[in-house]
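Take a look at the structure below.
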Amino acid sequence: MKLIVIEGIDGSGKSTLARNMFSTLSKGHKVTLTQEPFTDDIKQLLEKYKWNDQVLLALLFSADRQIHVRWMEAQDTEIIICDRYYFSTLAYQGVSVDWNWLETLSSIFPKPDLTILLDIPAYIALERLKKKKESLDFKEKRESLEKVRQNYLALASKYNFKVLDASLPEEKLQSISLQYVYDLLSSSTSRASLSTL
């Protein structure tokens, strides 16, 4: 099972890319598409506390993630495409919460086999969000979006993400991302073949 994670700030196009990749990969592989937050109970708690307490958010997201990981591990699938994972906690809550603590909190979770970061300036992301009916209501998140983006770029450097320009056409982003996945699957097959020699 390969875990593919799509990350990026709100409005970067993560969900669209995840759906497009799922649609194409499903034609030849057993693929599961999922996202975080995962559980409805946690989502309700997040709404209840209005997304203001960043330490509480980190803990709630981590609790949700533990439930999510257990669910993913139980899936009969070749590939899991996950729209957001623990890097989102590091990028978002990391604006105001100690990054070392967040990394320790996230260290128990399985590491992705591939992480794709859709990078886009905050002002462009906000323009995209304004066009959506479900545009964000979280003033604090909107104001800090560029800081979140910088956190993502730091994470990309540290954890070897594949970074894509999110302003590229959807088809181009999908093509490049699929090639990353095919390369991953190909290298895994090669290693498996060598191990049987």
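Please note which helices (runs of 4 or more DSSP H) are completely contained in region 132-197 and include at least 1 residues that are charged (D, E, K, R), over 30 Å from Gly28 (Cα atoms) and at pLDDT below 95. Because the criterion is at least 1 residues that are charged (D, E, K, R), over 30 Å from Gly28 (Cα atoms) and at pLDDT below 95, the helices (runs of 4 or more DSSP H) in region 132-197 that meet it are 139-143, 145-159. Considering only residues in region 65-101 that are charged (D, E, K, R) and closer than 27 Å to Ser157 by Cβ, the one that is surrounded by the most Cβ atoms within 10 Å (Cβ to Cβ) turns out to be Arg65.
Based on this model, can you work out whether Ala91 counts as in a helix (DSSP H, G or I) and modelled with pLDDT of 90 or more? When the stated conditions are applied, Ala91 passes them. Taking (1) in a helix (DSSP H, G or I); (2) in contact with an Asp or Glu (Cβ under 6 Å, 6 or more places away or on another chain); (3) at pLDDT 95 or above in turn, Ile42 satisfies each apart from (3).
For region 1-39, a residue qualifies if it is part of a helix (DSSP H, G or I) and under 29 Å from Ala154 (Cα atoms), and the qualifying residues are Lys14, Ser15, Thr16, Leu17, Ala18, Arg19, Asn20, Met21, Phe22. Across region 47-88, the qualifying residues are those that are at negative phi and among the aromatic types (Phe, Trp, Tyr), and the one among them that is modelled with the lowest pLDDT is Tyr49.
The residue list Leu17, Leu3, Leu33 contains one member that is in contact with a helix residue (DSSP H, G or I) (Cβ under 9 Å, 6 or more places away or on another chain), free of Cβ contacts under 8 Å to residues at least 60 places away in the same chain and surrounded by 17 or more Cβ atoms within 10 Å (Cβ to Cβ), which is Leu33.
For region 2-39, residues that are of a type in the set (Asp, Glu) and at pLDDT below 95 total 1.
The values are calculated or read from the model by the stated rules, or taken from the named source; none is laboratory data. Quick caveat: nothing in here was measured; it's all calculated off a predicted structure. Methodologically, a virtual Cβ is constructed for each residue, glycine included, from the backbone with ideal geometry; neighbour enumeration extends over all protein chains shown.
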